[in-house]
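Peer 1: Here you go, one structure.
The values are calculated or read from the model by the stated rules, or taken from the named source; none is laboratory data. Here the structure is a predicted model, which is why all the values come from computation and not from measurement. Every residue, glycine among them, receives a Cβ derived from its backbone with ideal geometry; neighbour counts consider all protein chains shown. The protein model used for the area step is the full one, side chains on, heavy atoms only, and it has no ligands, DNA or RNA in it. Shrake-Rupley method; radii C 1.70, N 1.55, O 1.52, S 1.80 Å.
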Amino acid sequence: MEIKKGIAVSPGISIARALVIDAEDYRIPRRSINPSQRMSEIQRVKNAFAGAIEELTQLEAAQDQAESGKVKDIFAVHLRFLRDRSLKKKINDLIQAELVTAEYGVSSILRRIASHFTKVKDAYISERAADIYDIERRLLKQLLGKRREDIGHLTEEVVIVARELSPTQTAGFNKEFVKGFATDTGGRTSHTAIVARSLGIPAVVAVEELSESVSGGDNVIIDGNRGIVIVNPDRQTIEEYEQYSREFIELEHKLDEIIEKPSVTRDGVKITILGNIEFPDEAELVLQKGGEGIGLYRTEFLYLSRKTEPTEEEHYQAYAETIGVFRDRPVIIRTVDLGADKYTQSKRFAREPNPFLGLRSIRFCLQNLMMFKTQLRAIMRASVLGDVKIMFPLITNLQELMQAKMILRDVMEDLGDESIPYNKDIQVGIMIETPSAALTAYSLARDADFFSIGTNDLTQYTLAVDRGNELVSTLYSSADPAVLRLIRTVMQDAHKAQIDISVCGEMASEPEYIMLLLGIGVRTISIAPPMMPEIKQIIRSVTLQDCNNLARKILGMNSERQISSYLRNAVSKILPEVF
Ligand code: PEP
Ligand code: MG
């Protein structure tokens, strides 16, 4: 049994066999074979070794001609490894003893060896683990060939283990079979984590050397509450976790009783809870969990889940479906926020050195006008179906807002010329996600109907900490005094300018922050639907006076640590069963 610690990003417990996905998406499930199949699996191992040796020998010969000494050396090392009879014997012994497939035998033994390498303190030796993975991939390619198994066609419950998962891969998971996931990389507000929360599957990210320590078919516990992954747990641990999981589900059911109750503080202040969604079919869940509308529809997932750009009609259908669920309640459609960790398939290879500071979001749209106008046309056509609002992401200055609004006006004129109905008075708002927008909020407010604070990006850009990079994840915190002061500034400016303001970043769905946000003046939040009952429970347990007092204290503090611990302490008194 091995216990590993990471960052908890999506609550819940899952216990299942691991499905390990490497960079090439190989799926290596543990499959049992009949005793009579042992010899044929051992023969397959033999053939795979022979095929890999032949492939490498050819590659080595080609390098000979190119006289590339270093690469040739690497191939020679790999060849020596593959010709080592004791390696093949270990794999064959595993197949004999545990009645597993050739793929599983290869993956399991090679990952065990790699894991030993990584534990050696000597950098030269630990880096050899990469060679072992290379050999593993080469052998698996021989074994699986064209039969690479498709994660889209699972037939049994699994937890996914991977070095890295993109938001697109995660959004494609079939919830019926994928019960949780854990990755080596990532951060709490990375988009992969956000998708996990929306799907409601337990997830842990930033688990050091996880994918190297797990073989397909290993039993794995994912504890998305405490950020723990346990590989091959013993019987007692499994039983304890099964009990804990039952208790957690019970608590969730108990919290669900609150869904029908109004979202008001003990002293009667109404707090509007809206939902964040990535796909139209999530709208129903927002409603079920008591959400009063959509505060953030991340429409870029329309692009991410397919190879070609969606047509105007496809955009329209997606919006109409969402609006249909809410009718006259607000649906805030955010225009595409592509770039950074959310690439379209076709743009994927247009690598940028600093993608989070590059051509992302509204900047990308302003340079891809055809694509932008297609989406705006669809939103405007859908605007007559309900209370639709438009929101532009990552506005960094007034000029960008003016440009985006000008394009929107063009689109409206075109629709008018074509006698297509649209809402001429549609509200147009912006996300406040950069320090520049926060510091100029008052002037932006003159040209925006509403603000929504995107604390995920605001934290990232204020602290200069990549939100998805596990190496700096301890530095990423919305409780930093700099972030809090910016949020307060934006709140004050919005109130002064008398425009609506909400918070739609993950901060609003984290229990420890909600009192502070109310104390700073927030009255509307937009959050992942599974978090709604818990957040409403806190809202209903406090008075605004409590929140104001807490905010005053917090804003007088200078240390992130002090603030975080004060906030955790405050919420643990309100929701002791969760903390
Ligand atoms: C944010 O940045 O806080 C936000 C809500 O947008 P996203 O997470 O999609 O970047
Ligand atoms: Mg953002």
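Peer 1: Give the residue that is nearest to Asn174 (Cα to Cα), with candidates limited to residues of the range 194-233 that are within 16 Å of ligand 1 (Cβ to nearest atom) and modelled with pLDDT under 90.
Peer 2: Taking the candidates together, the pick is Leu199.
Peer 1: Restrict the check to the range 287-308 and report whether at least one residue is over 26 Å from Leu376 (Cβ atoms), open to solvent by less than 30 Å² (accessible area, probe 1.4 Å) and in contact (Cβ under 8 Å) with a residue 60 or more places away in the chain.
Peer 2: For the range 287-308, residues over 26 Å from Leu376 (Cβ atoms), open to solvent by less than 30 Å² (accessible area, probe 1.4 Å) and in contact (Cβ under 8 Å) with a residue 60 or more places away in the chain: present.
Peer 1: Working carefully through the options Phe177, Phe181, find the one that is aromatic (Phe, Trp, Tyr), within 24 Å of Glu156 (Cβ to Cβ) and touching an Asp or Glu at 6+ places or on another chain (Cβ under 6 Å).
Peer 2: Phe177
Peer 1: Here is a further query. Which residues, taken from the range 388-445, are part of a loop (DSSP other than H, G, I, E, B) and within 16 Å of ligand 2 (Cβ to nearest atom)?
Peer 2: Matches in the range 388-445: Pro393, Leu394, Ile395, Thr396, Glu433, Thr434.
Peer 1: Against the conditions (1) open to solvent by 60 Å² or more (accessible area, probe 1.4 Å); (2) closer than 17 Å to Ile514 by Cα; (3) of a type outside the set (Val, Ile, Thr), where does Asp281 fall short? Just the number, please.
Peer 2: (2)
Peer 1: Something else now. Can you go through Val195, Val161, Val204 and tell me which one is of a type outside the set (Ser, Thr, Tyr), open to solvent by less than 20 Å² (accessible area, probe 1.4 Å) and farther than 22 Å from Ser509 by Cβ?
Peer 2: Testing whether each residue is of a type outside the set (Ser, Thr, Tyr), open to solvent by less than 20 Å² (accessible area, probe 1.4 Å) and farther than 22 Å from Ser509 by Cβ leaves just Val161.
Let's see how each residue does on (1) in contact (Cβ under 8 Å) with a residue 60 or more places away in the chain; (2) out of contact with any Pro (no Cβ under 9 Å at 6 or more places or on another chain); (3) of a type in the set (Val, Ile, Thr):
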{"position": "Tyr476", "(1), (2), (3)": "yes, yes, no"}
{"position": "Ala482", "(1), (2), (3)": "no, no, no"}
{"position": "Thr489", "(1), (2), (3)": "no, yes, yes"}
{"position": "Glu510", "(1), (2), (3)": "no, yes, no"}
{"position": "Ile525", "(1), (2), (3)": "yes, yes, yes"}
{"position": "Met532", "(1), (2), (3)": "yes, yes, no"}
{"position": "Thr543", "(1), (2), (3)": "yes, yes, yes"}
{"position": "Asn548", "(1), (2), (3)": "no, yes, no"}
{"position": "Lys553", "(1), (2), (3)": "no, yes, no"}
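Peer 1: Another question about this same structure. Just need a number here: residues in the range 400-438 that are closer than 30 Å to Met507 by Cα and touching a helix residue (DSSP H, G or I) at 6+ places or on another chain (Cβ under 7 Å).
Peer 2: Summing the residues that are closer than 30 Å to Met507 by Cα and touching a helix residue (DSSP H, G or I) at 6+ places or on another chain (Cβ under 7 Å) in the range 400-438 gives 13.
Peer 1: Taking Pro529, is it away from ligand 2 (no atom under 16 Å from the Cβ), open to solvent by less than 10 Å² (accessible area, probe 1.4 Å) and either farther than 20 Å from Phe392 by Cβ or within 24 Å of the chain's Cα centre (by Cα) (or both)?
Peer 2: It is true that Pro529 is away from ligand 2 (no atom under 16 Å from the Cβ), open to solvent by less than 10 Å² (accessible area, probe 1.4 Å) and either farther than 20 Å from Phe392 by Cβ or within 24 Å of the chain's Cα centre (by Cα) (or both).
Peer 1: I've got another one for you. Tally up the residues in the range 454-486 that are in contact with a helix residue (DSSP H, G or I) (Cβ under 6 Å, 6 or more places away or on another chain) and among the aliphatic types (A, V, I, L, M), please.
Peer 2: The total comes to 5.
Peer 1: Among the residues of the range 503-519 satisfying the criterion of being open to solvent by 10 Å² or more (accessible area, probe 1.4 Å) and within 16 Å of ligand 1 (Cβ to nearest atom), which is modelled with the lowest pLDDT?
Peer 2: Among them, the one singled out is Glu510.
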